[in-house]
1. Yes or no: region 140-150 includes at least one residue that is within 16 Å of the ligand (Cβ to nearest atom), more than 16 Å from HIS354 (Cα to Cα), outside any loop (DSSP other than H, G, I, E, B) and at pLDDT 95 or above.
2. Of everything in region 281-296, what is over 27 Å from the mean Cα position of the chain (by Cα), part of a loop (DSSP other than H, G, I, E, B), surrounded by fewer than 22 Cβ atoms within 10 Å (Cβ to Cβ) and not small (Gly, Ala, Ser)? Give them in sequence order.
3. Return the only residue of VAL136, VAL102 being surrounded by 24 or more Cβ atoms within 10 Å (Cβ to Cβ) and within 18 Å of the chain's Cα centre (by Cα).
4. Based on this model, can you work out whether ASN215 counts as more than 10 Å from the ligand (Cβ to nearest atom), farther than 14 Å from THR158 by Cα, of a type outside the set (Phe, Trp, Tyr) and touching a residue at least 24 places away in the same chain (Cβ under 8 Å)?
5. Of the conditions (1) among the charged types (D, E, K, R); (2) under 24 Å from the mean Cα position of the chain (by Cα); (3) within 16 Å of the ligand (Cβ to nearest atom), ASP255 satisfies every one except a single condition; which number is it?
6. Only one of these is of a type in the set (Gly, Ala, Ser), crowded, with 16+ Cβ neighbours inside 10 Å, more than 18 Å from the chain's Cα centre (by Cα) and within 13 Å of the ligand (Cβ to nearest atom): ALA206, ALA232, ALA266. Name it.
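The values are calculated or read from the model by the stated rules, or taken from the named source; none is laboratory data. Quick caveat: nothing in here was measured; it's all calculated off a predicted structure. Quick reminder, even Gly has a Cβ in these numbers, built from the backbone with ideal geometry, and neighbours come from all protein chains shown.
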Amino acid sequence: MSAIRSLEFDVKDINLASQGKQRIEWSERDMPVLRLIRERFAADQPLKGIKLVACAHITTETANLARALQAGGAEAVLIASNPLSTQDDVAASLVADWGIPVFAIKGETTDTYNRHVRTALDFHPQIIIDDGSDVVATLIKERREQVKELVGSTEETTTGIQRLEAIHKAGLLSFPAVAVNNAQTKHFFDNRYGTGQSTLDGIIRATNILLAGRNLVVVGYGWCGKGVALRARGMGANVIVTEVDAIKAVEAVMDGFRVMPIAEAAPLGDIFVTVTGNRHVIDGQHFSAMKDGAIVCNSGHFDLELNLVALREKSESAVKIRPFVEEYKLKGSGRRIIVLGEGRLINLAAAEGHPASVMDMSFANQALSVEYLVKNEGKLEPGVHLLPPEVDIEIASLKLRALGLSIDTLTAEQLEYISSWETGT
Ligand SMILES: NC(=O)c1ccc[n+]([C@@H]2O[C@H](COP(=O)([O-])OP(=O)(O)OC[C@H]3O[C@@H](n4cnc5c(N)ncnc54)[C@H](O)[C@@H]3O)[C@@H](O)[C@H]2O)c1
């Protein structure tokens, strides 16, 4: 019996498995690229015997990634990458129906979350799939002797890659890490269309408010911010963008949005969404300037984009009024500020995260990155790597085929023309 088989699991209720299985199979219908990879993995066994830890949002889509890795021969353990994002029925089904140890409970405390990270490291992974770099950071801080066992890691999100770059700069990244987020077939679609739609889905499920006619402030106009702004406009909101990057700010202006500093946007906004990957982008003084009833939420990776410590200090009370909806009453003015999902990723806390159709490409990148690390064991320099560009093109081509679409190919004449310099006006 391998080490993994003797591991336990920690899920909310194993009896939720049959509902979870149905939902996993439902999302699989929209993940044709990952399915093709799973079928190839099952035949070729490229991950045979590889011990792997995946720290991810435990959703139906992640379950399908886990199935693909398992089909490829990997022994995988799953833990949550956020205390609020776990779908308990999915966690139960992965254990009961696929025999995959999962350590994740929706609403787990930060202590439990950290304990699960350490439990995963007890498994001595050779590959780490990370989302936010918590497992890699814990490995480097607390288990330095285990680093040599690692073939490499993959990183799902923007914030995690920033952390990996910082680890590398500090001279502590002694293995290859694949920046999955930086693949075009990941952030063009997942961050923009996935976060765009699912963030609004989370706000609406939590509050049931009408977006039409409201001022919605998007803090950060990166890939996620663009998606949120685009979709909010589509639902009739008046979108205001705040930025610190002049180029992104001009882009937002040209895309037709009002752009201003957060101090000016604070008294105007009805709804605020932070998507910066940065800290305290809505701070104490901004909460003080907001309208009565302003709704504030975050869809960036960590829960410190909103300075909730400052908000608590400024408030005389905080009352939970619906699931994922907490009302703070400011001292003095009595104005109410509504915080959604405790400032954690609202699309995963109050909704189901990104739809399967975009996660199909994100997780195709994950599965192929793991295969790439295993195939190139010992050959890749320590540091942050991109998948080869042909993998991006292959994933996009498979997606087009799955959508029943085809595109043109360059003729020999065109190919020659675009690679020559002689012909001009
Ligand atoms: N909710 C989700 O499911 C989901 C999905 C993908 C990524 N993310 C996370 O969302 C965050 C953003 O990701 P991204 O890919 O859009 O990153 P990005 O780098 O493309 O964009 C972030 C933007 O925020 C801006 N910014 C930084 N500090 C700011 C400040 N104080 N005020 C205003 N703007 C500021 C930056 O200039 C940049 O344009 C990251 O934490 C990422 O990990 C979440």
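1. Among the residues of region 140-150, not one is within 16 Å of the ligand (Cβ to nearest atom), more than 16 Å from HIS354 (Cα to Cα), outside any loop (DSSP other than H, G, I, E, B) and at pLDDT 95 or above, which makes the answer no.
2. Across region 281-296, the qualifying residues are LYS291, ASP292.
3. Being surrounded by 24 or more Cβ atoms within 10 Å (Cβ to Cβ) and within 18 Å of the chain's Cα centre (by Cα) holds for just one of VAL136, VAL102, which is VAL136.
4. Yes: the conditions hold for ASN215.
5. (2)
6. ALA266
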